[in-house]
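The values are calculated or read from the model by the stated rules, or taken from the named source; none is laboratory data. Bear in mind that the values here come from a model prediction, so they are computed numbers and not experimental data. Heads up, the Cβs are rebuilt from the backbone with ideal geometry, glycines too, and the neighbour counts pull from every protein chain shown. When the accessible area is computed, the model is the full protein with side chains, heavy atoms only, and any ligands, DNA or RNA have been set aside. Shrake-Rupley method; radii C 1.70, N 1.55, O 1.52, S 1.80 Å.
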Amino acid sequence: MDEFVVLAETGNYFTASDRLYLSQVTLTKHMKDLERSVGHPLLVKKGHKLELTEFGEFFLPYARRFVGLNEEFLEAKAAFERAAARQVYIAGPTEMNCDHMMNMLWDHFSRRYPQYSLSTGEFHTTLPLEDLFGMGYELVFALSETPDSDLYGCYQWATDQLVALLPTQHPLAGRDSIQLSELADAPFILFPKGNFLHQAAVRRCKAAGFTPQVDFTIHGSANLTELVASNVGVSLALKRDVYSTWDYEVVTVPLEEESTIYLNLYYQKDVPLSRAAKTFLDYAIQIHETHEKDIPYYGPEVGAVENIFFE
């Protein structure tokens with residue numbers, strides 16, 4: 001039906017087959033099959049153009065309705081399957097030690113709702129939420145410089161602060177706080193380009209009136225902290241993310257500028273969540289609102305240090 005509608009609109013087998021990603025031979029065969037099915041010829045060739053027969057003109061509006069009904073059915077079928085799904089598709093970033101925090105939440109959820117399973121994915125670079133939802137994820141944990149969203153449903157799940165990460169012998173290391181502009185002439189070590197924290201650090205520096213001189217980019221908080229401790233440069237890092245690297249000879253100095261980074265849980269407003277995903281979202285909010293003061297954080301290298309992700 002869809003192929004017939006396209007042929008009626010284009011009047012040309014070549015153009016129609018290109019639009020439909022079919023060979024002309026296949027398309028011709030399908031039209032002959034359709035004509036046998038309805039019991040009448042539908043198309044006739046006049047010169048280089050296809051025209052509808054009298055029955056083809058009569059049949060076209062019904063074909064369009066068939067196509068529309070099929071599309072409506074496929075959308076309804078997908079919505080039914082989403083609602084009935086027993087698997088939660090959720091993505092999250094690797095920064096901010098989010099993987100440890102999310103593993104804790106996964107564990108709590110799986111024990112509370114054993115009938116559901118989790119399909120999780122991690123992303124190392126900043127990806128548009130539209131792309132992540134397009135990959136099939138229903139829920140996305142993502143870092144942001146704002147606590148809300150105009151385009152998506154958004155729950156502010158955790159916060160952290162960007163701080164100056166300095167070697168202990170740095171002239172500003174003993175200060176209670178600094179202005180970011182005081183680091184304008186320093187070499188910077190940041191996470192790789194494309195990473196949210198790299199982008200956030202560069203944006204904050206530019207807002208302070210300078211473009212940072214980035215001498216090194218490197219993966220991993222421990223690797224970055226080790227370079228700072230070796231006096232290779234300075235960095236901007238998340239305060240709680242560097243707790244796991246506190247054995248290095250570095251200090252964190254608060255910034256006088258606004259430096260909050262948010263970990264938000266996003267979902268699409270106009271797409272109904274599956275029962276499993278809705279259960280997970282409600283549970284994540286419940287955990288945050290009822291246990292935010294008593295769930296410790298366990299870092300990868302140290303024991304329980306303090307209540308890091310809940311404020």
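Values computed for the structure shown
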item	result
Cα-based equivalent ellipsoid of the chain: semi-axis lengths in Å, sorted from largest, via gyration tensor	56, 25, 15
Accessible area per residue in Å² at 1.4 Å probe, computed on region 41-82	79 Å²
Proportion of all alpha-carbon pairs of region 146-249 beyond 25 Å (%)	20 percent
P(r), alpha carbons of region 206-281 - 5 Å bins starting at zero, rounded %	3, 11, 18, 16, 14, 9, 8, 9, 8, 4, 0
Scattering curve values for region 102-154, log₁₀ I(q)/I(0), Debye with Cα scatterers, q = 0.13 Å⁻¹	-0.41
Share of carbon and sulfur in the accessible heavy-atom surface of the chain [1.4 Å probe, %]	51 percent
Sequence ranges 184-196, 123-135, ranked by mean other-Cβ count within 10 angstrom, highest first	184-196, 123-135
HN-Hα J in Hz across region 14-26 - Karplus 6.51, -1.76, 1.60, θ = phi - 60°, x for Gly and Pro	5, 5, 5, 5, 5, 5, 8, 6, 10, 6, 5, 5, 5
Within a Gaussian network of the chain (alpha carbon springs, distance under 10 Å), most fluctuating of Ala63, Ala276, Ala207	Ala63
Listed residues Leu118, Leu183, Leu69, most fluctuating in the chain (Gaussian network, C-alpha, under 10 Å)	Leu69
Per residue, the convex hull volume that the Cα atoms of region 66-184 enclose (Å³)	167 Å³
GNM result for the chain, Cα springs below 10 Å: residue of Arg240, Arg204, Arg111 fluctuating most strongly	Arg111
Accessible area per residue in Å² at 1.4 Å probe, computed on region 101-172	48 Å²
For Phe191, residues with placed amide H under 5 Å, excluding near neighbours	His198, Ile218
Share of pairwise Cα separations in region 1-138, more than 23 Å, in percent	57 percent
Where His288, His40 fall by accessible area, highest first, once all protein chains stay in place (1.4 Å)	His40, His288
Amide H contacts under 5 Å for Glu257, placed H, 5+ residues apart	Leu180
Relative intensity, log₁₀ I(q)/I(0), of region 160-210 from a Debye sum that treats every alpha carbon as a point, q = 0.14, 0.17, 0.26, 0.27 Å⁻¹	-0.37, -0.55, -1.21, -1.27
